[in-house]
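Structure, as structure tokens:
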Ligand SMILES: [Fe+2]
Ligand SMILES: [Zn+2]
């Protein structure tokens, strides 16, 4: 029996300007979160209009929700994300901005049945423009990045309208 992980997928095209914009922030968190990679501030949406088009499209798909935190992560070789969740919000998401199909996947392990090793894990292969939305309690990780190019992802935490 698989743990009840519901992952919804959508496609939002990536504007080429977003990549450079993300890289311009560098690392603003000094690896203080479970994500051990270059990590921007948590609320990019408050400081930078470059992400408005993505945010608008997200809210078109999820009209009863609002993005309350939005950040970007740039993984270079060896960078990874420890297993974690986004408890305290309703939903969380990952949107692949600049990746290739060989980039390390986003993995949702079956934490209720760890003895089954990897057979029940949900494995999300990166694909640019793909948006994956999941429950904030769902545990996930990214193993160390192996490609020579950066693996760039935007992520966020999402509340139900009325809850914030
Ligand atoms: Fe996460
Ligand atoms: Zn790659």
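What follows is calculated from the coordinates using simple rules that are stated; it is not laboratory data. From a predicted model like this one, the values you see are computed outputs, not experimental measurements. FYI the Cβ positions are ideal-geometry reconstructions off the backbone, even for glycines, and counts take in every protein chain you see.
Under a plain spin-label model, where a point goes 7 Å from the Cα along Cα-to-Cβ, how far apart in nm are residue 127 and residue 61?
Result for the modelled spin labels: 1.2 nm.
Take peptides 95-101, 69-75, 81-87 and line them up by average Cβ neighbours within 10 Å, highest first, as a rough protection proxy.
Order by mean packing, descending: 69-75, 95-101, 81-87.
Counting each DSSP H run of 4 or more residues in the chain as -39500 (n - 2.57), what helix-only mean residue ellipticity at 222 nm follows after dividing by all residues, to the nearest 500 deg cm²/dmol?
Mean residue ellipticity, 222 nm, calculated: -4000 deg cm²/dmol.
Label-point separation (nm) for residue 41 and residue 137, each offset 7 Å from Cα along Cα-to-Cβ?
For the pair residue 41/residue 137, the computed spacing is 3.3 nm.
Could you give the distance between the Cα centres of region 70-110 and region 117-135, to the whole Å?
Region 70-110 and region 117-135 have Cα centres spaced 9 Å from each other.
Ranking request for peptides 125-133, 49-57, 35-43: highest mean number of other beta-carbon atoms within 10 Å first, then the rest in descending order.
Most protected by this proxy first, the peptides run 35-43, 125-133, 49-57.
From the Cα gyration tensor of the chain, with a ≥ b ≥ c the square roots of its eigenvalues, which class applies: rounded if a/c is under 1.5, or else prolate if a/b is larger than b/c, or else oblate?
It comes out oblate by the Cα gyration axes.
Take the alpha carbon gyration tensor of region 72-164, find the square roots of its eigenvalues, order them as a ≥ b ≥ c, and report rounded if a/c is under 1.5; if not, report prolate when a/b exceeds b/c, else oblate.
Note, shape of region 72-164 comes out oblate.
Could you state the per residue volume, in Å³, of the convex hull enclosing the Cα atoms of region 72-116?
Working: hull volume 5.7 nm³, N = 45.
With only Cα atoms used, region 72-116 gives 127 Å³ per residue.
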